[in-house]
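Below is one structure, written out as structure tokens, with a few remarks after it.
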Ligand code: RIB
């Protein structure tokens, strides 16, 4: 409204309006003066502040001070303005770059006779009398407690909600790409991940300086990490991510799930729509205005601080990770070691010194190998075990993640180093192994109890004995209670309690292990029968290159091996067990499952290392015809 419009409405000339509002109105009739004043008041004509002061006219104005880079700026301005208008008030908005500008803005607003101010800031400002006419807005609970009245929602809560939503769908490799200024989102994301006992790689979090920085560096770095889901702050980041995913031929949501923090119209039309965490910015603003109005009217009973919660707006950009859609669940309870493989032409005998050809390190351990084996073959697998909180532990943890193993059941022990296996490997690929259990001994009953639901939800439990005997026993009993079938590798023991044997569905010893648990001169068949009489349902004796022998209630037969040249037999049996479990979990018969396992382990021994050597599904499926040939 300008002076001309005021004059027109009052039916007088602009000079008359000017005279009235400047107090030079001696020659103006009282009737005209009153009429001009009424129009000035009704139209909230602002520039004549001195005059308003003089006449004690109320401005009907409120002020809003908001950061220029506030991502929900538009929603807040719209919310404040429409709520203010409903009360017959108008809005003056000041956009600021940083909080240092706030005092200046407040002063200018006071000069314009605003009745109250809404300030977007976690900081408090000494506004004297005007403090009773000020409401703050915040995106965190960490605002200055001297603020009298604050309406807020928490970005950290939005980060937590987003991560929770993705984890509900089975994701655990989740990236979080945000603007540096919104780092409390990362706090919520970290909290959610750690509550599920999931580790976060540094490279999964990107706090960018600008959208250009995020597009050029943050997004490519995160996508390189083989993550299955991303949390994006803002539609701009989401848009850049979707473009990059498209270039990398990753289809959203089939190969990459996405959730945005903060909703926007664009998210509705991006792809088939992007699921978002909706921030209650508009609602917070409306509530702030309602409160401010009460304060202006002199009410003293107003809310002092009010949190409003973000919520999820589903649009279908989240799916289960591809891997989690196959077979019944498999849980592994066992050891994880760093394998130190010493390659030499012949394994030294007592008193002998040998020069070695090479020393290499690989992620290993029977439990870890079996879990990775299942993951590589496309099974749904959960690991329960314990690592040291050290570099070796991180290396093994990464290997699990890379190979689609669910890791919430993996603990990190602060007092013990990650387990180690010292492996002497000869020129024929045969090996001897000495294991230092280290953190594997840290796997305790409390931890198993905490993750009992993983055992309960699984169809098969793969168990090996490089963990403490007590824990192995406890796990077997737990499986029995939960009707989870046990597949046991009886390494490094000489005796299994009879009460445990009857809980074992598949016992998979090699020849030496069979002779250790059933000593004496009897044949493999007789020893297997002896174990079956004690309650083991299926005995499968692995015989290296010769294949294996299987005995159960239906049959007793040998399955021939595959003549692949072995270079390193480490992990061959783990490969066999994981392949067996994967086929069984897909509802396949035992004999094809055993043949599938023979091929998988046959392939693994042609490669060096344990987890590295385990084949993926494609490598074994090549032999499908042979596997099903009777
Ligand atoms: O079964 C092979 C495994 O046994 C190796 O990876 C080593 O860690 C030992 O546990």
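Apart from one condition, residue 609 fits all of (1) buried (at least 20 other Cβ atoms within 10 Å of the Cβ); (2) modelled with pLDDT of 95 or more; the exception is (2). Evaluate the stretch 373-381: report whether one residue or more is within 30 Å of residue 586 (Cα to Cα), in contact with a helix residue (DSSP H, G or I) (Cβ under 6 Å, 6 or more places away or on another chain), in a helix (DSSP H, G or I) and within 14 Å of the ligand (Cβ to nearest atom). Yes: the stretch 373-381 contains one or more residues that are within 30 Å of residue 586 (Cα to Cα), in contact with a helix residue (DSSP H, G or I) (Cβ under 6 Å, 6 or more places away or on another chain), in a helix (DSSP H, G or I) and within 14 Å of the ligand (Cβ to nearest atom). Regarding residue 271, is this residue assigned to a loop (DSSP other than H, G, I, E, B), more than 16 Å from the ligand (Cβ to nearest atom), at pLDDT below 95 and crowded, with 22+ Cβ neighbours inside 10 Å? Taking the combined requirement at face value, the residue does not satisfy it. What's the total number of residues in the stretch 579-607 that are touching a strand residue (DSSP E or B) at 6+ places or on another chain (Cβ under 7 Å) and farther than 17 Å from residue 560 by Cα? Residues in the stretch 579-607 being touching a strand residue (DSSP E or B) at 6+ places or on another chain (Cβ under 7 Å) and farther than 17 Å from residue 560 by Cα: 3 in total.
Somewhere in the stretch 427-443, is a residue more than 15 Å from residue 336 (Cβ to Cβ), surrounded by fewer than 17 Cβ atoms within 10 Å (Cβ to Cβ) and either touching a strand residue (DSSP E or B) at 6+ places or on another chain (Cβ under 8 Å) or modelled with pLDDT of 95 or more (or both)? Scanning the stretch 427-443, I find at least one residue that is more than 15 Å from residue 336 (Cβ to Cβ), surrounded by fewer than 17 Cβ atoms within 10 Å (Cβ to Cβ) and either touching a strand residue (DSSP E or B) at 6+ places or on another chain (Cβ under 8 Å) or modelled with pLDDT of 95 or more (or both), so the answer is yes. Taking first residues from the stretch 356-368 that are closer than 12 Å to residue 570 by Cα and partners that are away from the ligand (no atom under 12 Å from the Cβ) and outside any loop (DSSP other than H, G, I, E, B), the Cβ contacts under 7 Å between residues at least 6 apart in sequence or on separate chains come to 363/395. Does residue 447 count as farther than 21 Å from residue 601 by Cβ and free of Cβ contacts under 8 Å to residues at least 12 places away in the same chain? It is false that residue 447 is farther than 21 Å from residue 601 by Cβ and free of Cβ contacts under 8 Å to residues at least 12 places away in the same chain. Elements of the type strands (runs of 3 or more DSSP E) sitting completely within the stretch 407-496 and holding at least 3 residues that are within 16 Å of the ligand (Cβ to nearest atom): these cover 419-425, 431-436, 460-464, 485-489.
Looking at the stretch 608-622, which of its residues are under 20 Å from residue 543 (Cα atoms) and out of contact with any strand residue (DSSP E or B) (no Cβ under 6 Å at 6 or more places or on another chain)? Within the stretch 608-622, 608, 613, 614, 615, 620 qualify. Of everything listed in (1) in a loop (DSSP other than H, G, I, E, B); (2) buried (at least 23 other Cβ atoms within 10 Å of the Cβ), the single unmet condition for residue 588 is (2).
To keep it simple, each residue is scored yes or no on (1) under 23 Å from residue 525 (Cα atoms); (2) within 12 Å of the ligand (Cβ to nearest atom); (3) more than 30 Å from the chain's Cα centre (by Cα).
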residue	(1), (2), (3)
560	yes, no, yes
563	no, no, yes
578	no, yes, no
607	no, no, yes
623	no, no, yes
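The condition (being touching a helix residue (DSSP H, G or I) at 6+ places or on another chain (Cβ under 8 Å) and closer than 16 Å to residue 437 by Cα) is satisfied by just one residue among 330, 340, 384: 384. Mind telling me which of the residues 316, 327, 378 ends up being surrounded by fewer than 20 Cβ atoms within 10 Å (Cβ to Cβ) and at positive phi? The match here is 316.
Considering only the stretch 157-180, I want to know if a residue exists there that is closer than 21 Å to residue 64 by Cβ, modelled with pLDDT of 90 or more and surrounded by 15 or more Cβ atoms within 10 Å (Cβ to Cβ). Taking every residue of the stretch 157-180 in turn, none turns out to be closer than 21 Å to residue 64 by Cβ, modelled with pLDDT of 90 or more and surrounded by 15 or more Cβ atoms within 10 Å (Cβ to Cβ).
Screening residue 614 with (1) at pLDDT below 95; (2) within 15 Å of the ligand (Cβ to nearest atom) gives one miss only, at (1). Within the stretch 497-512, does at least one residue satisfy the condition of being within 16 Å of the ligand (Cβ to nearest atom), under 27 Å from residue 396 (Cβ atoms), out of contact with any helix residue (DSSP H, G or I) (no Cβ under 9 Å at 6 or more places or on another chain) and without any contact (Cβ under 8 Å) to a residue 40 or more places away in the chain? Yes, because at least one residue in the stretch 497-512 is within 16 Å of the ligand (Cβ to nearest atom), under 27 Å from residue 396 (Cβ atoms), out of contact with any helix residue (DSSP H, G or I) (no Cβ under 9 Å at 6 or more places or on another chain) and without any contact (Cβ under 8 Å) to a residue 40 or more places away in the chain. No other residue among 345, 335 is out of contact with any strand residue (DSSP E or B) (no Cβ under 8 Å at 6 or more places or on another chain) and in contact (Cβ under 8 Å) with a residue 60 or more places away in the chain apart from 345. For residue 310, the conditions (1) more than 16 Å from the ligand (Cβ to nearest atom); (2) surrounded by 15 or more Cβ atoms within 10 Å (Cβ to Cβ); (3) over 30 Å from residue 75 (Cβ atoms) are fulfilled apart from (3). Could you check, for the stretch 331-351, whether at least one of its residues is more than 16 Å from the ligand (Cβ to nearest atom) and over 30 Å from residue 392 (Cα atoms)? Yes, the stretch 331-351 contains a residue that is more than 16 Å from the ligand (Cβ to nearest atom) and over 30 Å from residue 392 (Cα atoms).
Each row is one residue, and each column tells you yes or no for (1) more than 26 Å from residue 506 (Cα to Cα); (2) free of Cβ contacts under 8 Å to residues at least 60 places away in the same chain; (3) more than 23 Å from the chain's Cα centre (by Cα).
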position: 386; (1), (2), (3): no, no, no
position: 407; (1), (2), (3): no, no, no
position: 413; (1), (2), (3): yes, yes, no
position: 418; (1), (2), (3): yes, no, yes
position: 421; (1), (2), (3): no, no, yes
position: 424; (1), (2), (3): yes, no, yes
position: 428; (1), (2), (3): yes, no, yes
position: 434; (1), (2), (3): no, yes, yes
position: 454; (1), (2), (3): no, no, no
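Could you tell me which of the residues 566, 581 is assigned to a loop (DSSP other than H, G, I, E, B), touching a helix residue (DSSP H, G or I) at 6+ places or on another chain (Cβ under 8 Å) and touching a residue at least 40 places away in the same chain (Cβ under 8 Å)? It is 566.
The values are calculated or read from the model by the stated rules, or taken from the named source; none is laboratory data. The model shown is predicted, which means the values in this text are computed figures rather than measured ones. Using ideal geometry, Cβ is built from the backbone for each residue, glycine included, and neighbour counts are taken over all protein chains shown.
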